[in-house]
Each structure stands twice: as C-alpha cells, then as structure tokens.
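Comments concern the structure below.
The values are calculated or read from the model by the stated rules, or taken from the named source; none is laboratory data. None of these values were measured; they are calculated from a predicted model. Every residue, glycine as well, gets a Cβ built from its backbone with ideal geometry; the counts of neighbours run over all protein chains shown.
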Protein chains: 2
Amino acid sequence: MVSSGVWAESIPLAKAHDLKEVPTVASLPTAASAPESMKSALQKINYLGSAPCSYKQTPMAAHFELHIEQGPHLVSAGQRVGVVTAVQAYRWYRLNITGRDSHTGTTAFEHRADALYAFSRMMVRAREVAASHGCLASVGIVEAKPGSVNTVPGLVSCTLDVRGPENEAVAVVDAQLRTDFDAIAAEEGKGIGKPCRVEWILDLDSPAVNFHPDCIGCVQQSGEAVVADAGRDSGKSLVRTIMSGAGHDSVFTSKRVPTSMIFIPCKDGLSHHPEEFSSADNCATGASVILQAVVRYDRNRFT
Amino acid sequence: MVSSGVWAESIPLAKAHDLKEVPTVASLPTAASAPESMKSALQKINYLGSAPCSYKQTPMAAHFELHIEQGPHLVSAGQRVGVVTAVQAYRWYRLNITGRDSHTGTTAFEHRADALYAFSRMMVRAREVAASHGCLASVGIVEAKPGSVNTVPGLVSCTLDVRGPENEAVAVVDAQLRTDFDAIAAEEGKGIGKPCRVEWILDLDSPAVNFHPDCIGCVQQSGEAVVADAGRDSGKSLVRTIMSGAGHDSVFTSKRVPTSMIFIPCKDGLSHHPEEFSSADNCATGASVILQAVVRYDRNRFT
C-alpha cells in the first residue's frame with residue numbers, strides 16, 4: 001500500500017523510500033547486519049523505475065482492484081463474488097512500555113516494574129475493550145529487552161492495530177485503551193515508586209472509506225453477468241456486497257479517483273498464512289468481473 | 001555458571017562449548033549473521049585455556065563466593081554482611097505456543113488462534129499462581145512470529161523462570177501452570193477447531209541448595225570479626241543469615257565440595273541493571289570477610 005500512498009500523495013516519496021524492514025528474531029540469522037531500506041530493496045530487483053509515482057503526472061480515470069476476501073463470508077455462504085462497498089477504519093500504533101530491568105530470582109513481584117507483565121495485561125484488556133465496541137485490536141510485533149532468561153524486562157516495544165467499521169468506534173477504543181493502559185502501567189512498579197510508563201506513537205490513521213457508487217455499480221452488474229454467463233441460475237444470490245476488514249491500495253486511490261473492489265472466496269477465509277488459497281475457478285471469475293467492470297466504467301464515461 | 005557446572009561435571013564440556021548466544025532483536029543490527037558459540041567466544045578472547053575443567057583433575061578443598069545481595073534485605077536493614085545459608089530452587093523452561101497466523105483486519109476474535117494473546121493470558125496467570133505459593137515466575141525472552149503489524153502471530157516462543165524456597169513449592173507451581181496454560185491454549189482457537197497448543201522444554205532444574213555448615217560457620221565468624229574490627233559496636237546485628245534468590249557458581253560447587261557465600265549490600269537491591277551499585281566500603285568489607293573465611297576454613301582443616 002506504500003506505492004498507492006505515494007501515488008495519491010498521502011505519503012511523501014522520500015519517506016516511502018526511507019522505510020526500513022522490521023528487524024525481527026524471525027529474520028535472524030539471515031538478516032543483513034543493518035535493516036534494508038525500501039529504496040535499496042527496489043533497486044536490487046530493478047523495480048525502482050522512472051515513471052513519476054503521482055496521481056497528477058500519472059493519472060488514472062478510475063481504480064478497480066481484485067482480491068481474495070481474506071474473511072469467511074463468501075466461502076461460508078457459498079457465494080462467488082463480493083462487491084466491496086467500503087473499507088473499515090484502522091489505526092496502527094507503536095507502543096513503548098518502560099519499566100525497570102531487575103533480577104528474576106531476587107526481585108519480589110511488588111518490587112518489580114516488569115514491562116512484559118504490563119504488556120500482557122494490556123493485551124488482554126485490549127481485546128476486552130475492542131470487543132465491547134464491535135472493533136478489533138491486535139498485536140503483531142513484540143520485542144522485550146534486554147532479552148535474558150533471568151532478567152525481568154525493563155522495556156517492551158510492540159505494535160497495536162485497532163480496526164472498526166466506523167471512525168467513531170475506533171476513536172472510542174483508542175481513548176479507552178489509553179486510559180486503561182496508563183492505569184495498568186501505573187500499577188506495575190508502584191511498590192518501588194517507579195511505575196511503568198507507556199508511550200504511544202501513531203504510525204497510520206486510515207479512516208473508513210466508502211467506495212464510489214459508479215464503480216460499485218459496475219462491479220455489481222459485472223458480477224451478476226459473469227455468474228449468469230457461467231450458467232448459474234440463482235445469479236443474484238451468488239453476488240453480495242461486503243465491507244473490507246483489511247486495508248488495500250484502493251483506500252489510497254479512492255482519495256483521488258472513483259474506486260471499488262472485487263472479492264473472491266478463499267479457503268477458510270484465511271490469509272497471511274501459508275495455507276491461503278483460492279481455486280483457479282474463483283480466480284478466473286474474479287478476473288472476468290474486473291475486466292467487465294473496467295469496460296463498463298469506460299463505456300459509461302463516453303455515453 | 002556454565003563453567004562451574006562443567007567443573008562439577010553437571011554439564012558436559014561439549015554441551016557447554018556448543019551453547020549459542022540468544023539471538024534477540026536487542027542484538028540487532030550489530031549481531032553476527034549466525035549466533036556465536038561459547039567455545040568460539042572464549043577462543044576470541046583467549047580464555048579457552050588448557051587446565052582441565054573438572055573437580056577430579058583440578059580439585060578444590062572448599063568454595064567461597066562473594067556477591068552483591070541482588071536483593072533489598074541488607075540495604076533496607078542497614079546491615080553489612082549476609083551469611084548465605086541456602087539458594088532457592090529454580091527451573092528454567094522454554095515454551096512454544098502454536099496457534100495460527102491470520103489477518104488482523106479480517107479475522108474476528110472468535111476465529112483467531114492468537115498465540116500472543118494466549119501468551120499474555122498465561123503470563124498474567126503465572127504471576128497469580130506463583131504468588132499464591134510464595135514463589136516467583138518470570139518471562140525474560142519472548143519472540144512472536146511471523147512478526148508483522150497486520151498478522152496475528154501463530155507462534156510465540158518464550159522463556160519461563162520459576163523459583164521458590166522449597167523444591168516442593170516449585171513442583172506445585174509447575175504442575176498448576178501446565179494445567180492452566182493448557183486450558184488457556186485450548187480456549188484460544190476453539191472457534192475454528194484449531195486451538196493453540198503449548199509445548200514445555202525444561203532447560204534447567206536447580207533444586208534448593210543448603211550450603212555446608214562448616215563453611216557457613218567460617219563466614220559467620222569472619223563477618224562478625226570484620227564488622228567488629230571496623231569499630232562497629234553492635235557487630236552481631238550487622239551480620240545476618242540469608243537465602244539467595246539467584247543461582248550462583250556455588251550451586252554447582254556445593255555438589256562436590258563444602259561451600260558457602262558472602263553477600264554485601266547493593267543500592268536498591270538492584271542487579272541486572274545499569275544502576276547496579278555497591279560502595280567501595282561494602283566491597284572492601286566483603287573482600288575481608290571472604291579472605292578471613294578461607295583462612296579460617298584452611299586452619300580448621302589441619303587442627
């Protein structure tokens with residue numbers, strides 16, 4: 001999504017080029033000694049290119065995007081095509097929880113400012129709060145320092161991903177978690193007068209997006225036509241409108257040009273996993289729908 | 001403690017040499033591309049040596065060890081010398097919690113097998129269980145994979161350090177945590193019929209150690225003498241017996257020869273932290289006590 005962000009001028013080109021790979025234990029021992037930048041990685045594979053990445057200099061009339069659903073609705077209902085009308089709101093944060101390193105064998109619980117224990121309580125609380133507002137909250141990356149079996153960690157850094165169908169719900173969860181995390185931090189370490197502290201850095205704030213009705217209409221009509229062409233009687237019931245839980249390039253393009261998306265079913269609704277799978281038949285359906293949607297939209301532009 | 005473990009023939013030399021540094025995010029970006037072995041690290045600093053590391057070929061008559069307390073008792077009570085009579089029991093484990101990677105934005109909580117969420121619940125539970133049995137439980141190292149902001153982690157590996165004054169208490173906490181962690185794992189992912197699993201690997205089981213009465217006596221007498229020599233009237237009250245919460249080389253040597261330890265006060269009881277500190281005066285007291293203890297013990301051997 002970085003490239004579409006640059007194209008939409010939502011992300012400065014220099015900032016995109018300077019993004020670094022996330023160093024994780026998973027990337028050891030093959031990782032380079034220093035994290036690689038986006039620009040250097042693009043150069044290595046000859047993808048840096050020379051076309052200006054901007055909606056002004058390299059314009060599009062509209063944007064259509066084909067994707068697996070990454071969720072269970074189509075596959076559970078036996079439906080073939082999702083007409084994506086919207087993308088839920090999400091915010092990405094980095095959190096730094098600071099306590100105090102101490103010895104695991106000689107430091108009583110009441111004398112600890114255990115940043116990892118505080119993190120654990122925060123993560124449990126995050127799910128409670130998000131669920132109570134119909135939202136999601138997830139931690140994908142966590143690092144504890146100094147990283148020794150007999151040292152209580154004094155520093156934890158983690159990501160936090162909060163999502164919800166409406167901007168307001170995400171804002172409410174954000175505010176509630178800030179209050180609750182502060183309270184958890186204040187409790188851990190109060191016995192030594194050095195309570196934990198938690199710092200929030202907002203990396204990305206992506207409000208809910210509603211796609212363009214003209215594009216949605218083209219996808220809907222194309223989906224119905226493709227399913228009908230495939231000789232399936234109950235055409236309408238095999239096509240449904242759907243909201244995307246994940247972010248996509250279409251979030252950025254929709255800021256500049258009419259946009260919509262097509263979803264096709266995927267096995268178990270699974271993505272970001274080696275078992276992610278869509279059948280060739282479903283992929284072909286998706287390709288036909290996006291082709292027809294583009295042609296339909298283009299025809300409408302000149303009539 | 002690895003070297004004393006080899007000396008006591010509790011740890012095979014080859015196993016010690018083959019130990020690898022723990023790769024952590026904290027060691028990036030300066031870490032070598034492959035984790036370094038103990039043997040290679042010793043060679044690099046010319047510490048590999050040629051003297052046989054064995055209590056049989058390189059014997060000692062007794063072992064005394066001087067250390068900062070790493071706890072708050074001496075400094076809180078204004079005492080000068082701790083006569084260490086015992087070391088609490090401890091066990092070190094590695095835990096692997098296996099769930100399923102999934103997308104943070106499209107996977108409802110009830111469809112997740114979030115290994116990091118399960119970890120967090122386990123860590124909160126570990127403190128409750130340990131505290132209720134007068135024990136400690138701590139996590140020093142944690143890794144979550146695959147390590148991406150918008151992927152629910154399907155694998156968490158962590159250490160667990162459980163300690164208590166008696167072997168029995170540690171065994172009870174061990175058994176309770178295995179039951180409770182299994183229950184937490186079973187709950188996370190049950191909505192997709194793929195509950196998390198938790199695997200325990202016991203890396204070290206160090207039963208409680210009682211030091212040798214002859215050595216304890218020498219440290220006690222020497223502590224009282226040194227404190228009295230320093231012109232402090234209330235000699236006895238400045239010296240106390242104490243149990244060590246941390247493991248030390250003396251745990252291993254005590255298996256083969258009479259052993260005891262001397263503790264001196266340290267600032268805030270803090271160790272494994274940059275602010276760890278003992279005054280020059282306290283260090284000098286400790287050095288005098290260990291010297292006198294060795295001389296006393298040696299004199300007793302030949303009378």
If I go through region B:75-100 residue by residue, how many of them are modelled with pLDDT under 95 and in contact with a Pro (Cβ under 6 Å, 6 or more places away or on another chain)? 1
Restricting attention to region A:122-156, which residues are facing chain B (nearest Cβ under 9 Å), of a type in the set (Gly, Ala, Ser) and more than 19 Å from the chain's Cα centre (by Cα)? A:144, A:147, A:148, A:154
Scan region A:274-303 for residues that are assigned to a helix (DSSP H, G or I) and buried (at least 16 other Cβ atoms within 10 Å of the Cβ) and jot them down. A:282, A:285, A:286, A:288, A:289, A:290, A:292, A:293, A:294, A:296, A:297
Sort out which residues of region B:175-209 are of a type in the set (S, T, N, Q) and touching a helix residue (DSSP H, G or I) at 6+ places or on another chain (Cβ under 9 Å), and write them in order of number. B:176, B:206
Failed item in (1) of a type in the set (Val, Ile, Thr); (2) surrounded by fewer than 21 Cβ atoms within 10 Å (Cβ to Cβ); (3) in contact with a Ser or Thr (Cβ under 8 Å, 6 or more places away or on another chain), with residue A:226 passing the rest: (2)
When residues of region A:152-189 are filtered for being more than 30 Å from residue A:209 (Cβ to Cβ), β-branched (Val, Ile, Thr) and either surrounded by fewer than 20 Cβ atoms within 10 Å (Cβ to Cβ) or touching a strand residue (DSSP E or B) at 6+ places or on another chain (Cβ under 7 Å) (or both), how many remain? 2
Does residue B:124 meet the test of being in a helix (DSSP H, G or I) and either surrounded by 24 or more Cβ atoms within 10 Å (Cβ to Cβ) or not charged (D, E, K, R) (or both)? yes
Can you name the residue in region A:86-107 that is farther than 14 Å from residue A:155 by Cβ and either more than 12 Å from chain B (Cβ to nearest Cβ) or of a type in the set (D, E, K, R) (or both) and, of all such residues, is surrounded by the fewest Cβ atoms within 10 Å (Cβ to Cβ)? A:86
So for region B:249-262 (the condition being surrounded by fewer than 18 Cβ atoms within 10 Å (Cβ to Cβ) and either over 19 Å from residue B:75 (Cα atoms) or among the aliphatic types (A, V, I, L, M) (or both)), does at least one residue qualify? yes
Number of positions in region B:71-108 that are of a type in the set (S, T, N, Q), touching a Cys at 6+ places or on another chain (Cβ under 8 Å) and over 30 Å from residue A:247 (Cβ atoms): 0
Consider residue A:84 carefully, then state whether it is assigned by TED's automatic domain parsing to the domain that holds residue A:213 and farther than 29 Å from residue B:275 by Cβ. yes
Count, please, the residues in region B:106-141 that happen to be closer than 15 Å to residue B:179 by Cα and not charged (D, E, K, R). 8
Give A:192, A:201 a once-over and let me know the one that is surrounded by fewer than 20 Cβ atoms within 10 Å (Cβ to Cβ), modelled with pLDDT under 95, farther than 25 Å from residue B:108 by Cβ and within 13 Å of chain B (Cβ to nearest Cβ). A:192
Subset of region A:29-85 (residues that are closer than 22 Å to residue B:102 by Cα and within 14 Å of another protein chain (Cβ to nearest Cβ)): A:67, A:68, A:69, A:70, A:71, A:72, A:73, A:74, A:75, A:76, A:82, A:84
Would you confirm, using the coordinates I've provided, whether residue A:269 is at positive phi and assigned by TED's automatic domain parsing to the domain that holds residue A:180? no
Failed criterion for residue A:110 (all others in (1) under 30 Å from residue B:89 (Cα atoms); (2) facing chain B (nearest Cβ under 9 Å) hold): (2)
